[in-house]
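The values are calculated or read from the model by the stated rules, or taken from the named source; none is laboratory data. Fair warning: this is a prediction, and the values are worked out from it, not measured in the lab. Glycine also receives a Cβ, built like all others from the backbone with ideal geometry; neighbour counts cover every protein chain displayed. These area figures cover heavy atoms from the full protein model, side chains too; ligands, DNA and RNA do not enter into them. Shrake-Rupley method; radii C 1.70, N 1.55, O 1.52, S 1.80 Å.
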Amino acid sequence: MIDTDPNSKKIQTISEKIPIENGSSKHDIELVVYPDLATKSDEKPESKPADFETAIEKTEYGKFHYLLLAVCGFVSTAEEMDVISMSFILPSAQCDLKLTTQAKGWLNCIIFIGMMAGAYVWGSAADALGRKKVLIVISFMNALCIVASSFSQTFIWFMFFRFMNGAALGGSGPVIWAYFAEFQPKKKRGSMLSFMAAFWTLGNLFVAGLAWVIIPTNIGVYSHNFIYNSWRIFLLMCSVPSFIVGSLLFFLPESPKYVLSKGKKEKALEIFRSIYYLNTGKSKDSYPVKDMLMDADYDPTPKGKLPLNDKLKKTMSTVVEHSRQLFVMPIAKFTIISITINFTFHIGYYGLMMWFPELFNRFDEFSKDHPGVQASVCEVTDYVVRNGSQSSMDYEKCNDKIDDTVFLDSLITVASAIPANVVAVLFIDKLGRKFFLVFSTFSSGLCAACMYFVSNKTQNLVVSAVFSGVISCGNAALDCLITEIFPTNLRATGVAISMVAARFGGIVGNIVIAMLLDMYCPAPNFIVAVLLIGGGLLCLMLPNTTRRPLS
């Protein structure tokens, strides 16, 4: 019997009487089936549309994220190697390129000038065209410019290719940070961004070790019109990481956060399914999220295919519009503060860090002529300028040989950042970005001031190593904080503008040190100290982004 009464309020059933024999008696048993209940119990309720944070958390955390960390970290390593390599080239190339202290300052600066130009253009392009495409172009452009600079035989051509190298590097920083952050769940973002910042330290270590192995040798090609000596080979080797990461990036997906901001839900879901599969080993179809909420910044206006000229115009208008939005309240407050902090912080970071090998070399030169004599940085500099390698423009008698102790001191200095980065990785999500940034800027500012009071090369090494450690710790916190305060559709542009300020700080720091180090030695240390401490305190005016969802 089937109850099919459409007006019945009872649960519809299917019943059947089954005869059962038990000895001499027979019984009819009625079997009742409730089809509605049977069906309902087997059905899985459809999942509700998920936002980005839910979707990335459902992929779990595993192989993909660690692979991503390795590739993105290697991008940061390559960037830092290219920037810091100049600090080892300066004392090595002073005879080759006929470098004065001021010329060395400009060589340090030119890469930052290029980075200023490149950061804004590439960052805006990444917000308009996508993170992955831009990163691939940047990596190969960077590598080719390094190779070209290593073959340059004159100061002018060397400057030109270093500028182009900087223009490529300028996009690497802001774009890779935005790209990496947009794969991270909020509970892991701080520690993983700090972990990636540690790759900068690896870049410093690699470049110092590579310089020590290659530059003191006499390998190379020498002829009347062409010289390709050891420091040029060292520079050539610094291009290898950029070639490698450019190739590896082809195998990574586009940022799902960026894809979602463009309204491509299915493509974003496919990226999440692939991450889920790599992390868990389970089928892509078992990924629990079946639908996505649109990003708040998505513009639903239909967009047809445009001719190339119209695409370029649209891209440029997007770049201009994104830049304008960064200076509209309430975001304008964050933009101005991040610009100021990056400017003051990197006057210290690049202003002093890139001169450490030069200062170690000057101490070494002084101690050879005055064994056992105590002398401050300023006294050593005064001697070198008046009587040492910087005193004469006679490049026929120029000496570009660097003692092994200079490379060892440089290696110790950059290695001191390793424990600081470990501390940042372990505690940045517990103590917060702002705590680390204030602590770092205050401590590194004190170290900068203390450099004026050192009286021998050992004290100079200790203070330099402490400075390197604490400022690297702050660099990790600054990168996290600046990456997180901007919304998705403005993130790469916002970070890029902040990086422009950082590069400008590197330029000002290097020019000021180059001008004042030989003329009025005490000034650079105290200028850097005041700017570091003052700028760091500004971060207290920024919002707390620790373990918060990406906007």
The stretch 146-204, subset of a type in the set (Lys, Arg) and more than 20 Å from LEU90 (Cβ to Cβ), residue surrounded by the fewest Cβ atoms within 10 Å (Cβ to Cβ): LYS187
When you go through PHE356, PHE345 one by one, which is the residue that is at pLDDT below 80, within 27 Å of PHE439 (Cβ to Cβ) and either open to solvent by 60 Å² or more (accessible area, probe 1.4 Å) or touching a helix residue (DSSP H, G or I) at 6+ places or on another chain (Cβ under 7 Å) (or both)? PHE356
Residues of the stretch 171-218 that turn out to be touching a residue at least 60 places away in the same chain (Cβ under 8 Å) and part of a loop (DSSP other than H, G, I, E, B), as a count: 6
Would you mention how many residues in the stretch 484-501 are among the hydroxyl-bearing types (Ser, Thr, Tyr) and either under 30 Å from SER367 (Cα atoms) or crowded, with 24+ Cβ neighbours inside 10 Å (or both)? 2
Being buried (at least 21 other Cβ atoms within 10 Å of the Cβ) and modelled with pLDDT of 80 or more is the filter here, so list the residues in the stretch 367-380 that pass it. VAL380
Does ILE113 satisfy being closer than 23 Å to LEU202 by Cβ and either of a type in the set (Val, Ile, Thr) or modelled with pLDDT of 85 or more (or both)? no
In the list SER194, SER150, which residue meets the criterion of being over 27 Å from ALA55 (Cα atoms) and of a type in the set (S, T, N, Q)? SER150
Restricting the search to the stretch 93-133, which residues are of a type in the set (Lys, Arg) and surrounded by 21 or more Cβ atoms within 10 Å (Cβ to Cβ)? LYS104, ARG131
On the given criteria, is ASP82 outside any helix (DSSP H, G or I), at pLDDT 75 or above and either within 16 Å of the chain's Cα centre (by Cα) or under 26 Å from SER150 (Cβ atoms) (or both)? no
Check every one of the helices (runs of 4 or more DSSP H) wholly within the stretch 234-298 and list those with 2 or more residues that are of a type in the set (Lys, Arg). 265-280
Against the condition in contact with a Cys (Cβ under 6 Å, 6 or more places away or on another chain) and either surrounded by fewer than 24 Cβ atoms within 10 Å (Cβ to Cβ) or under 26 Å from PHE251 (Cα atoms) (or both), how does MET141 come out, does it pass? no
Does SER286 fit the bill of being under 26 Å from the mean Cα position of the chain (by Cα) and modelled with pLDDT of 85 or more? no
Search result, residues across the stretch 458-497 that are touching an Asp or Glu at 6+ places or on another chain (Cβ under 7 Å) and either under 30 Å from GLY372 (Cα atoms) or free of Cβ contacts under 8 Å to residues at least 60 places away in the same chain (or both): LEU461
Has the stretch 511-528 got any residue that is modelled with pLDDT under 80, closer than 25 Å to GLY171 by Cα, β-branched (Val, Ile, Thr) and open to solvent by less than 30 Å² (accessible area, probe 1.4 Å)? no
Check ILE136 against each of (1) surrounded by fewer than 20 Cβ atoms within 10 Å (Cβ to Cβ); (2) at pLDDT below 80; (3) closer than 14 Å to SER242 by Cβ and name the one condition it does not meet. (2)
State all residues of the stretch 425-481 that are modelled with pLDDT under 85, of a type outside the set (Ser, Thr, Tyr) and open to solvent by 70 Å² or more (accessible area, probe 1.4 Å); if no residue qualifies, say none. LEU426, PHE427, LYS430, LEU431, PHE435, GLN459
Go through SER247, SER242 for me and flag whichever is without any contact (Cβ under 8 Å) to a residue 12 or more places away in the chain and either under 15 Å from PHE74 (Cβ atoms) or buried (at least 17 other Cβ atoms within 10 Å of the Cβ) (or both). SER247
Scope the stretch 112-129; condition of a type in the set (A, V, I, L, M) and out of contact with any His (no Cβ under 9 Å at 6 or more places or on another chain); matching residues: ILE113, MET115, MET116, ALA117, ALA119, VAL121, ALA125, ALA126, LEU129
